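The block underneath contains the structure these notes are about, expressed in C-alpha cells.
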Amino acid sequence: MKYKKISVAILFATILIGCNKDNEVVETIDPLINVPILITTNAEYNDPLREFGITLTNENNSEYTYLNNKITLDSSGVAWKPETQMQWESSNANVDIVAYYPYQYNLDTTTNIIIDQSVRFDQSTLEGIKASDFLYYSKKNVVPNKSGIALPFTHALSKVNIKINLDSELNNDIEIDQNPISNVNFFCAKALFNWNLNTNTIIPQGIITPVTPFEAPYFAGNGTTDAVASYKAILVSQLIPASSFIVEFNINGTQYSWASTKDISLLQNRAYILNLIITADKKVTATEDISEVNWSMN
C-alpha cells in the first residue's frame with residue numbers, strides 16, 4: 001500500500017506540472033521593433049530620379065520621426081539610401097508620410113512650405129524639362145510592414161503639349177521637309193511658385209514668363225498630309241486668363257503667334273494638348289480647345 005500511495009502522489013504531481021505547462025504564457029517578440037524601413041518608388045516618373053526628400057512622422061514617439069530626410073539612389077541604381085536611417089518603432093506604431101522632389105536642404109520643417117520655386121525658363125533639353133517636373137506623394141496612418149514603404153509619386157505641376165500643323169500647301173512658300181520653326185516660346189503661365197507640402201498646394205507667384213519648350217521629333221508629312229512640329233513644357237498649375245495663354249514662334253524671319261480667347265485651367269498632375277495649324281494664308285488657328293491627355297503618352 002505504501003508503494004501505491006507514492007505512485008499516486010508522483011502521478012498527481014506530474015499532472016499538475018503538465019497543467020502548468022499547458023497554461024504557460026509564451027512571450028512573443030515584435031518582429032518590426034527597430035527594423036530599417038525600406039523605400040521603393042516609381043522612379044520612371046522622372047528617370048533618372050536620383051534623390052528626393054521624405055518626412056516620416058510618428059505622432060506618439062519623436063524618436064521615430066524623421067524630418068526632411070534626404071533619400072539617394074545608391075551606386076547600384078536599385079536601392080534607396082536614406083541620409084538618416086529610418087526605423088519602425090513597432091508593428092503597431094503607424095506613421096504619416098510626405099515625400100517630394102526635388103530635395104530642398106533648407107526646407108522649413110515647421111511650416112513645410114517651400115518658397116520661391118520655379119520651373120526652368122529653358123526646357124529645350126531633357127535635363128531642363130526633367131528639372132521642372134516636381135513630384136509629390138503623401139499618405140497618413142501607414143501601417144508598419146516588412147516590405148517597407150512604396151512611394152507612387154504624382155506630378156505636382158502640369159504639362160502642356162503643343163502641336164503646330166503646317167498646311168501642306170505651305171510647301172509652295174516654305175520648305176517643310178525639315179522643321180522650319182524656330183524660337184518657340186510659351187507665354188502661358190507664371191513660372192514662380194510656393195509649394196505647401198502639407199497639402200500639395202501650388203501658389204503661383206510673380207508674372208507670366210516665357211518658357212522655351214522641348215522639341216519632340218518632327219513629322220514632315222507626305223505631300224497630302226500636314227507636317228507637324230511638336231513641343232512640350234512643364235508649367236506651374238494655375239488659372240490662365242483669356243488672351244494670356246500665348247504661343248509665339250518664327251518661320252524664315254516671320255513672327256507668328258496665337259492667343260487663347262478662353263480662360264485655361266492647368267491642374268496638378270494633368271497633361272494637356274493644343275493643336276494649332278498654320279494655314280496657306282499664314283494664319284495661326286487652333287483646331288479645337290486645349291484638352292487633357294495621358295501624361296506618359298505626350
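The values are calculated or read from the model by the stated rules, or taken from the named source; none is laboratory data. Just so you know, these numbers come straight off a predicted model, no measurement behind them. Neighbour counts run over all protein chains shown; Cβ positions are idealised from the backbone, glycine included. These area figures cover heavy atoms from the full protein model, side chains too; ligands, DNA and RNA do not enter into them. Shrake-Rupley method; radii C 1.70, N 1.55, O 1.52, S 1.80 Å.
A few notes on this one:
- Rounded to whole Å, sorted largest first: equivalent-ellipsoid semi-axes of region 134-253, Cα gyration tensor: 39, 20, 9
- Size descriptors for the chain, from the alpha-carbon set: Rg then Dmax equal 30.5, 128 Å.
- Sulfur and carbon atoms: percent of accessible area, the chain [1.4 Å]: 52
- Fraction of the pair-distance distribution of region 114-198 above 17 Å, Cα-Cα pairs, percent: 67
- Chymotrypsin sites (Phe, Trp or Tyr not before Pro) restricted to region 80-141 and DSSP loop, no more than 11 other C-beta within 10 Å: Tyr105
- Using R0 = 35 Å, the C-beta based FRET efficiency linking Ala150 and Thr110 works out to 0.80.
- Pairwise alpha-carbon distances in region 172-216 exceed 17 Å for 56% of all pairs.
- Here the 3J(HN,Hα) profile of region 56-66, calculated from phi with Karplus coefficients 6.51, -1.76 and 1.60 at θ = phi - 60°, is 10, 10, 9, 5, 9, 8, 5, 5, 10, 9, 10 Hz, Gly and Pro shown as x.
- In degrees, nearest ten, helix 2-23 long axis to first principal axis of the chain (Cα): 20
- Volume per residue for region 95-163 equals 142 cubic angstrom (convex hull of Cα atoms).
- Measure of compaction for region 43-165 (Cα Rg per 2.2 N^0.38 Å): 1.19
- Region 212-268 pair-distance distribution - Cα-Cα, 10 Å bins, rounded %: 18, 39, 33, 10
- For the chain: accessible area per residue (Å², 1.4 Å): 55
- Enclosing the Cα atoms of region 93-134 in their convex hull gives a volume equal to 92 cubic angstrom per residue.
- Nitroxide proxy distance, nm - points 7 Å out along Cα→Cβ at Asp122 and Ala216: 2.4
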